[in-house]
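Scroll down for the structure; my scribbles are underneath it.
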Amino acid sequence: MAKTLRVTISGTGFAGDFTARVFGQIPHKNGVTITLAGVTSGHLGNAERFAKRHGVSRAFASHREMLATVKPDIDCIACANYAHADYVREAAEANTPVIVLEKPPIIWPGYADERVADAATRKQETMAAFDEALQAVEQSGSKLLYAENLAYVDGVKAMAMLMAEATQHDKGRILLQQGVCAHQGSHAPAYDTPSKSGGGSLMNKVCHPLGPALYLKQLEGILRDGRPIRPVRVSAVALQVLKQQPDEAGAHFRVMQQVDDYARATVLFEDGALAELFGYDLNIGGIRNAFSVTADFGQYDMRINPNDSNELFLPDGSVAGNILLREKLPTAQGTAFPCPRQFHAHGYVNEMTDAVECALTKGQQPQSGMMLAWDTLAVLMAGYESAAKEAAFVDIAEFTLGRTFEPAVYPDPNYIEQLLQRQ
């Protein structure tokens, strides 16, 4: 029997745009039809233009109205960070089957009241606010997919497959993970406004490699002992580099005035393993996403974008017209490493495919779910506290080990996609 899934999208910026495009790239299986049934924005005009551009059935003035009218199977929260918490609660109250929450999860609620507080207070209040949102999800029975796309890239999925195999040979322990997300400055208008973005490179870029680092440690513990391995301590720096330089130094960047443009986070896990994660707005040549895992059975290096599987030289970049060779690459001229099927390379297609499968399968939970979102937020908020204390380690065990989740929402090894062939 044919099944139609109704999808709604909140937000008409970069995240909303790739969300709409990605649903058109998901392989339709078993007669499933995916329809973009609604979109909302802070400005109705933006939503109407987005709907026309992407073939969305209807534009709405509010998220709550859209949920009540459409009753979506999947609600994608892809708006500015400051609205995330309210929209999660609204979607849960509407009993939306699958809620897709873009990263980072939420920001400090005190911004809305124009309050000032130290980083430790912001951490406590943010985690309390997110706990309320997650309780709403748990009580409603909705499934929350935390949309950290780097947790869904093919390399991470292949690493998960290798870990499952290695565990059968008393191996599979991850010792060190290293990752980076960088480019020359976010194009989102809200990015340089803390009350809308929650922060700069630490909040919005380190979150990317942090996702797969947390996910793989969760999976490692589940495969071996039936329970996830979680982070317990964080050390971080969050700096404003370009703001301190002469104006001419920022000619090729978006110079942030209110948020950090360079960040580093060191995450210690309860088993003593380590993750070193970097995020910055100081990469002049477009997007840079890379992730590396050192385990007791081998090392997996993922050169996500750029990588040298495709190489192009153009003595005159104008011949490429408006073709984007890879995300945020400022010019096509010279030597470039194009990234065909970029949305797949960055994990977006795998991510939304997981959302579709969770909507179709009653017992299936997202691989990147509530626990990953919770631990991510704990690391990021403690990271800003650590940065304020000159990178001193901050303990987060009260939030991670102290906040339990039902095993039903753990990432499930049974759904590890078999991307590597067997002999």
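Read-outs: derived from the displayed coordinates by stated rules, not from any lab. All values derive from a computational prediction rather than experimental measurement. Cβ sites come from the backbone with ideal geometry, for glycine too, and all protein chains shown count toward neighbours.
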Exercise. Taking 0.36 nm per residue of separation and subtracting the Cα-Cα distance, what length does fully extending H344 through S57 add?
Worked result: 100.8 nm
Exercise. What nm distance separates the two modelled labels at H43 and F313, each placed 7 Å from Cα along Cα→Cβ?
Worked result: 4.5 nm
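Within the set K205/K389; K157/K196; K3/K205; K217/K328; K243/K389; K196/K243, which residue pairs have Cα atoms separated by over 25 Å?
Where the Cα-Cα span goes over 25 Å, the pairs concerned are K157/K196; K3/K205; K217/K328.
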Problem set entry | segment 131-136 - phi-based ³J(HN,Hα) in whole Hz, Karplus 6.51/-1.76/1.60, Gly and Pro as x | 4, 4, 5, 5, 4, 4
Exercise. Among 383-394, 250-261, how do they line up from the highest to the lowest mean number of other beta-carbon atoms within 10 Å?
Worked result: 383-394, 250-261
Seminar exercise, completed: Stretched fully, the stretch from D296 through Q168 gains (0.36 nm per residue minus C-alpha distance, one decimal, in nm) 44.8 nm
Problem set entry | Value at 222 nm in deg cm²/dmol, rounded to 500, when DSSP H runs of n ≥ 4 in the chain each add -39,500 (n - 2.57) | -10000 deg cm²/dmol
Exercise. Between (1) 1.91; (2) 0.97; (3) 0.94, which matches Rg/Rh (Cα atoms, Kirkwood Rh) calculated for the structure shown?
Worked result: (3)
Exercise. For K171, which aspartates and glutamates qualify as cross-link partners when the Cα separation must be under 16 Å and same-chain residues fewer than eight apart are set aside?
Worked result: E220, D225, D271, D296
Problem set entry | Most mobile listed residue (L268, L134, L44) in the chain, GNM with C-alpha springs under 10 Å | L44
Problem set entry | N95 paired with E248, simple spin-label distance in nm, labels 7 Å along Cα-to-beta-carbon | 6.6 nm
Problem set entry | Three-way shape call for segment 154-344 based on the alpha-carbon gyration tensor, with the a/c threshold at 1.5 | oblate
Exercise. According to a simple spin-label model (label point 7 Å from Cα along Cα-to-Cβ), what is the distance in nm between A388 and L360?
Worked result: 4.7 nm
Seminar exercise, completed: The long-range amide H neighbours of L175, using H built 1.01 Å from N in the peptide plane and a cut-off of under 5 Å, are T294, A295, D296
